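Taking it in order: structure first as structure tokens, then the write-up.
The values are calculated or read from the model by the stated rules, or taken from the named source; none is laboratory data. Quantities reported herein were computed from a predicted structural model and do not represent experimental measurements. Glycine also receives a Cβ, built like all others from the backbone with ideal geometry; neighbour counts cover every protein chain displayed.
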Amino acid sequence: MNEIKMNLAKFGQELNVQVSADNPSSIRAFYDKNLVLNTKPVLVHSQFGQKRNIPKNGGKRIVFRKLSPLPKATTPLTEGVTPTGNDMTWSTLEASLEQYGDYITVSDVVQTTGIDSTLVEAGEILAMQAGETLDAISREVLNSGSNVQYAEKAEARSALIGGEGENNDYLTVNAIKKAVRTLKRNNAKKIEGYFVGIIHPDVAYDLMSDALWENVKTYADPEDMYNGEIGRIHGVRFVETSEAKIFTAKDLTASARNLTVVSVSGKVITVAEAISASDAEKLAGRKILIKGAQYTVVSASNTEGTITVSEDLETGSMAPADGDVIYPGEAGAKGRDVYSTLVLGKDAYGVTEIDGGGLKNIVKPLGSGGTADPLDQRATTGWKALTTTKILVDEYMVRIETASSYDKE
């Protein structure tokens, strides 16, 4: 028991947390704090949202509130007459809270070198998992917004082809300027004097080659940097994360990325490659690209080697012919990856806080399992989070979809 107390005290001192073997609540606070501290740096997509605490005993709904702007007061005042005045008008948006979590089992043998250090190390791995999970949930919500623009020469995601020289679909400073113009026209407010961009490293590489790019190391005011901040350009501060959204198209079959047209009859395409029963099932509902035109697969047949789409293919100059390539159609031209760069204004979305109950570390030490663990062989440490992300004002955020020079054909 004395050895356990010494270990707990030692690790509490290292992490500047007071931990006592005689005080279970202190131990719990230590683990919770350690989990939150290691999770926060991963939460790139969550850090710019309007924050709300988890409501205690309030069910699984959370309310985000927005104050509506007042109309212009263009009527002149009459001398000596008090005007009618106005009231504050609040609009509310509700979101459902969802719970996520995972845990690790640690055996008594593993813990022989130090009971607390093992659980702390396991907690750090769980913190990374928790951070990546919660960040991915926020990322998917933010990328579901309808306010989207494409690389300068493209009109749709499926048209993004990349390329070289001036004829490419990579992210440029002009695209950033266009997004900033959109936010300004929509009266979006800035966050600490700037709009904020969330960008993937593959796309940041293309943007950073612009002569106007200002690296974070050259800031005259380098304090209060965001997690992952790398620089700024044209009024936008950028944070970089490998978890930024990439729209990726999966292979069309288990053995082939693309398929090849043999013949076309109405809405039915016969292909050269084999289609298994599993392939046929997964193809239903997918998008495909032929000669740059996008079609939706209604069904596929493994016995006949055919794909049926929703439109007649035999009409028009773009009708598929023998030898034409069928590409997966959920991403860019010829199935290439498409990258999302989010440019955000203040109060574009809302998120729940992870402090104060939103994220918890749950530790079950050796001996806590009762008859389910009669020889005290297993301890567990895990995390549980109650969270939500909600777009509040779609007009206050712009999603720029581009290709990347990293993903050349």
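Taking the condition outside any loop (DSSP other than H, G, I, E, B), modelled with pLDDT of 95 or more and touching a Leu at 6+ places or on another chain (Cβ under 8 Å), does residue 279 pass?
Yes; evaluated as a whole, the condition is true for this residue.
Kindly establish whether residue 162 is on the phi > 0 side of the Ramachandran plot, surrounded by 19 or more Cβ atoms within 10 Å (Cβ to Cβ), out of contact with any helix residue (DSSP H, G or I) (no Cβ under 6 Å at 6 or more places or on another chain) and in contact (Cβ under 8 Å) with a residue 60 or more places away in the chain.
Spelling it out, residue 162 is indeed on the phi > 0 side of the Ramachandran plot, surrounded by 19 or more Cβ atoms within 10 Å (Cβ to Cβ), out of contact with any helix residue (DSSP H, G or I) (no Cβ under 6 Å at 6 or more places or on another chain) and in contact (Cβ under 8 Å) with a residue 60 or more places away in the chain.
May I ask you to verify whether residue 172 is touching a residue at least 60 places away in the same chain (Cβ under 8 Å) and not assigned by TED's automatic domain parsing to the domain that holds residue 354?
So residue 172 does not fit the description; no.
Restricting to the stretch 245-267, name every residue that is buried (at least 18 other Cβ atoms within 10 Å of the Cβ), part of a strand (DSSP E or B) and modelled with pLDDT under 95.
Hit for the stretch 245-267 is 264, nothing else.
Does the stretch 305-337 hold any residues that are within 21 Å of residue 277 (Cα to Cα), β-branched (Val, Ile, Thr) and without any contact (Cβ under 8 Å) to a residue 60 or more places away in the chain, and which are they?
Matches in the stretch 305-337: 306, 307, 308, 309.
Considering only residues that are surrounded by fewer than 20 Cβ atoms within 10 Å (Cβ to Cβ) and not hydroxyl-bearing (Ser, Thr, Tyr), which ones fall in the stretch 295-312?
Once the filter is applied, which keeps residues that are surrounded by fewer than 20 Cβ atoms within 10 Å (Cβ to Cβ) and not hydroxyl-bearing (Ser, Thr, Tyr), the stretch 295-312 yields 298, 302, 304, 305, 311, 312.
Select from the stretch 262-304 the residues that are of a type in the set (A, V, I, L, M, F, W, C) and touching a residue at least 60 places away in the same chain (Cβ under 8 Å) and list them in ascending order.
262, 289 - these are the residues of the stretch 262-304 that are of a type in the set (A, V, I, L, M, F, W, C) and touching a residue at least 60 places away in the same chain (Cβ under 8 Å).
Given (1) under 30 Å from residue 315 (Cα atoms); (2) surrounded by fewer than 19 Cβ atoms within 10 Å (Cβ to Cβ), where does residue 229 come up short, assuming only one miss?
Single failed check for residue 229: (1).
Test residue 127 against the stated conditions and say whether it is within 26 Å of residue 393 (Cα to Cα) and not basic (Lys, Arg).
So residue 127 does not fit the description; no.
Only residues that are under 35 Å from the mean Cα position of the chain (by Cα) and over 25 Å from residue 146 (Cα atoms): list them for the stretch 293-323, please.
298, 299, 300, 307, 308, 309, 311
Output the strands (runs of 3 or more DSSP E) that fall wholly within the stretch 320-409 and possess 3 or more residues being at pLDDT below 90, or say none.
Result: 359-364, 378-387.
Does the stretch 138-152 contain at least one residue that is assigned to a helix (DSSP H, G or I), more than 30 Å from residue 98 (Cα to Cα) and not basic (Lys, Arg)?
no
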